[in-house]
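Peer 1: Mind looking over this structure? Questions follow.
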């Protein structure tokens, strides 16, 4: 998993909780699971929590480069999940393995709510451009509204695959699609 934040990051939110459910289920099923994220002041460079190995390096401008450097030193992966939070990791073009994208939401007008002009305009433009670039990459989404937004941007393979409650109120998140 490539995600700008991990669940230990003070800035983490709902998307990270959903990602923990996905990756935790993979770990529970016996898969070796890694989560690469930006470093942050109190974050350890490497730690293992509930079977997930968290790796943290780089910041907003260097994290993708650090992820690529680390990836090149690893044995081949079965799957890489490129999680988008406005800006992707562009992993399908450098990871050389099965790669899917996970998008919690299409930001669209949210860019204008959080950023002023010209950043908001550029953010909306790059999001649409990114979706077009990823149009042939399978995308996992948690909702029909996100699915519709991506289809409207030209993405061809969008699958709803989100967490669901199981016995004891815990989350399970691996789709059988």
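Throughout, read-outs are computed from the coordinates displayed, never taken from laboratory work. Predicted model, so just to flag it, every value in this text is computed and none were measured. Glycine gets a Cβ as well: all are built from the backbone with ideal geometry, and neighbour counts include every protein chain shown.
Peer 1: Under a 10 Å cutoff between Cα atoms, tell me which one of 58, 14, 86 has the largest fluctuation in the Gaussian network model of the chain.
Peer 2: Ranking 58, 14, 86 by mean-square fluctuation puts 14 first.
Peer 1: Further question: Taking the alpha-carbon centroid of each part, what is the distance from the range 107-146 to the range 25-79 in angstrom?
Peer 2: The range 107-146 and the range 25-79 have Cα centres spaced 24 Å from each other.
Peer 1: Measuring from label point to label point, each 7 Å out along Cα→Cβ, what is the residue 77 to residue 65 span in nm?
Peer 2: 2.0 nm
Peer 1: If you rank 137, 49, 103 by fewest surrounding Cβ atoms within 10 Å, what's the result? Intermediate results must be reported in sequence, preceding the final value.
Peer 2: Working: 137 18, 49 14, 103 27.
In increasing order of surrounding Cβ atoms, one gets 49, 137, 103.
Peer 1: Taking only the Cα atoms of the range 114-157, how large is their convex hull per residue, in Å³?
Peer 2: Details: hull volume 3.2 nm³, N = 44.
That works out to 72 Å³ per residue.
Peer 1: So what is the calculated 222 nm ellipticity per residue for the chain, using -39500 (n - 2.57) for each DSSP H run with n of 4 or more, over all residues, to the nearest 500 deg cm²/dmol?
Peer 2: Working: 5 runs with 54 residues, N = 177.
Mean residue ellipticity at 222 nm (helix-derived): -9000 deg cm²/dmol.
Peer 1: If you don't mind, there's one more thing I want to ask. How are the C-alpha pair distances of the range 14-170 spread across 5 Å bins, as whole percents from the shortest bin up?
Peer 2: All Cα pairs considered, the percentages come to 2, 8, 15, 20, 21, 17, 11, 5, 1, 0.
Peer 1: Now for a separate question. Quick check: pseudo-label points 7 Å beyond the Cα along Cα→Cβ at residue 40 and residue 133, how many nm apart are they?
Peer 2: Computed distance between label sites residue 40 and residue 133 equals 2.5 nm.
Peer 1: Based on the Cβ-Cβ distance of residue 29 and residue 160, what FRET efficiency does E = 1/(1 + (r/R0)^6) give at R0 = 22 Å, to the nearest 0.05? Show your work: numbers first, answer last.
Peer 2: Working: r = 21 Å, r/R0 = 0.94.
For residue 29 and residue 160, the calculated efficiency is 0.60.
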